[in-house]
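Trainee: Following this message is one structure expressed as structure tokens.
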Amino acid sequence: KTESFLLPILAQIMAEATSWDSPASNYVTTRWWENNEKPKFSLHRQGESVSRPKAVRALLLYPMNALVEDQMVRLRKMLDSPEALNILDQRANGNRIFFGRYTSASPVPGYLVHPRRSDQQEKTRAKSRLDRTKVALRTIAEDQEKARIYDQQNQHSDPTRYLFPSPDGAELITRWDMQETPPDLLITNISMLNAMLSREVDARIFDQTREWLETDPDAYFFLVLDELHLIRGSTGTEMAALIRTLINKLGLD
């Protein structure tokens, strides 16, 4: 069932990816969180061609986080495996197809730089947010390294590494990365999407997607409502209103 909607989406994105310009040599290699003295946030997609539209091509919507986690494992296998990267190097000029999980577990809430506040209290909060993001990425990197070592030692047919995010792959982990450079596939749940549509900090995700849809005649947008049978009654009514708000936000009305 999952592959029945993922394969057409990936086929469409891959067809588009063949026309993307090549990224710089330092593509997806930034590890800003390893700087112990003065860490400064750097976008994961730094070095990507400016001609490549940063927009959500597919929104995968789930009723609960447990289903989101299952989907992330599948996407890591599909888009971050050595086989996938080899094909993307050959057919997509070295670009990556990015995906990101935007839930309450995604680090970290709040602005990278607040658009209006610059007082000392906000500077202190901003430093705290940066430090928490740095710690989160370091932990993720360590877990991924342990999983890869385990896989090398045990040679299982189903690698453990795909259970964990990888900070040097096609997965966008931080909210700041996804806000500034929206992933090609955005995976979230109903509650989080409801919050995102009403928050200024998340507005760029939808604004950039809308700009692409309005300016590129070949643009497209997939909306996947998985486990739809779980959404009924009053929840279904709320869901219908949420989808209308999303369609309006993207200018697809």
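The values are calculated or read from the model by the stated rules, or taken from the named source; none is laboratory data. Just so you know, these numbers come straight off a predicted model, no measurement behind them. All Cβ positions, glycine included, derive from the backbone under ideal geometry; neighbour counts span all protein chains shown. Surface areas here come from the heavy atoms of the whole protein model, side chains and all, with no ligands, DNA or RNA. Shrake-Rupley method; radii C 1.70, N 1.55, O 1.52, S 1.80 Å.
Trainee: Keeping all protein chains in position, work out how much accessible area D131 exposes to a 1.4 Å probe, and write it in Å² to the nearest 10.
Mentor: Approximately 50 Å² for this residue.
Trainee: While we're on this one: Keeping all protein chains in the complex and leaving out DNA, RNA and ligands, what accessible area do you get for E16 with a 1.4 Å probe, in Å² to the nearest 10?
Mentor: 30 Å²
Trainee: Using 1/(1 + (r/R0)^6) with R0 = 45 angstrom and r between the beta carbons of Q153 and Y220, what's the FRET efficiency to the nearest 0.05?
Mentor: 0.55
Trainee: List the residues whose amide H sits under 5 Å from the amide H of F222, counting only those 5 or more places along or on another chain, with H placed 1.01 Å from N in the peptide plane.
Mentor: Placed amide hydrogens put A58, L59 under 5 Å from F222.
Trainee: When the chain is fully extended, how far beyond the present Cα-Cα distance does S42 get from R117, taking 0.36 nm per residue of separation?
Mentor: 24.9 nm
Trainee: Work out, step by step, the length gained on full extension between R232 and R204: first 0.36 nm times the residue separation, then minus their alpha carbon distance; give nm to one decimal.
Mentor: On the way: separation 28, 0.36 × 28 = 10.08 nm, distance 3.07 nm.
Extending this stretch completely gives an extra 7.0 nm.
Trainee: Related question: Of I190, I13, I149, which has the most accessible area with a 1.4 Å probe, and how do the rest follow in descending order?
Mentor: Working: I190 35, I13 0, I149 70 Å².
From most accessible down to least: I149, I190, I13.
Trainee: Shifting gears a bit: So, R0 is 30 Å and r is the distance between the beta-carbons of L163 and L85; what FRET efficiency does that work out to, to 0.05? Walk me through the intermediate numbers first.
Mentor: On the way: r = 19 Å, r/R0 = 0.62.
Efficiency for this residue pair is about 0.95.
Trainee: Over segment 166-239, with the other protein chains present, what is the accessible area per residue in square angstrom, probe 1.4 angstrom?
Mentor: 43 Å²
Trainee: What part of the accessible area of segment 1-117, given as a whole %, is carbon or sulfur when the probe is 1.4 angstrom? Please report the intermediate quantities before stating the final value.
Mentor: Details: 3030 of 5640 Å².
Carbon plus sulfur share of accessible area: 54 percent.
Trainee: Just to check I understand the Karplus step: with θ = phi - 60° and J = 6.51 cos²θ - 1.76 cosθ + 1.60, what whole-Hz values come out for segment 77-83, glycine and proline as x?
Mentor: For segment 77-83, the Karplus-derived couplings read 5, 6, 10, 10, 7, x, 5 Hz, x marking Gly and Pro.
Trainee: May I pose another question? Pairs of lysines 8 or more apart, or on different chains, with alpha carbons under 25 Å: count those in the chain, would you?
Mentor: 14
Trainee: Could you pull the accessible area for S4 with a 1.4 Å probe, rounded to 10 Å²?
Mentor: 80 Å²
Trainee: Still on this structure: Determine the relative contact order of the chain: mean sequence separation of Cα pairs under 8 Å and six or more apart, normalised by residue count, in whole percent.
Mentor: Reported as a whole number, the value is 30 percent.
Trainee: At a Förster radius of 41 Å, what calculated FRET efficiency corresponds to the Cβ-Cβ distance of T245 and T139, to the nearest 0.05?
Mentor: 0.75
Trainee: With a ≥ b ≥ c taken as the square roots of the eigenvalues of the C-alpha gyration tensor of segment 1-147, please select rounded if a/c is under 1.5 and otherwise prolate if a/b is larger than b/c or oblate if it is not?
Mentor: Prolate, since a/c reaches 1.5 and a/b exceeds b/c.
Trainee: In terms of the Cα gyration tensor, with a ≥ b ≥ c the square roots of its eigenvalues, is segment 36-77 rounded because a/c is under 1.5, prolate because a/b exceeds b/c, or oblate?
Mentor: Details: a/c = 2.74, a/b = 1.48, b/c = 1.85.
Oblate, because a/c is 1.5 or more while a/b does not exceed b/c.
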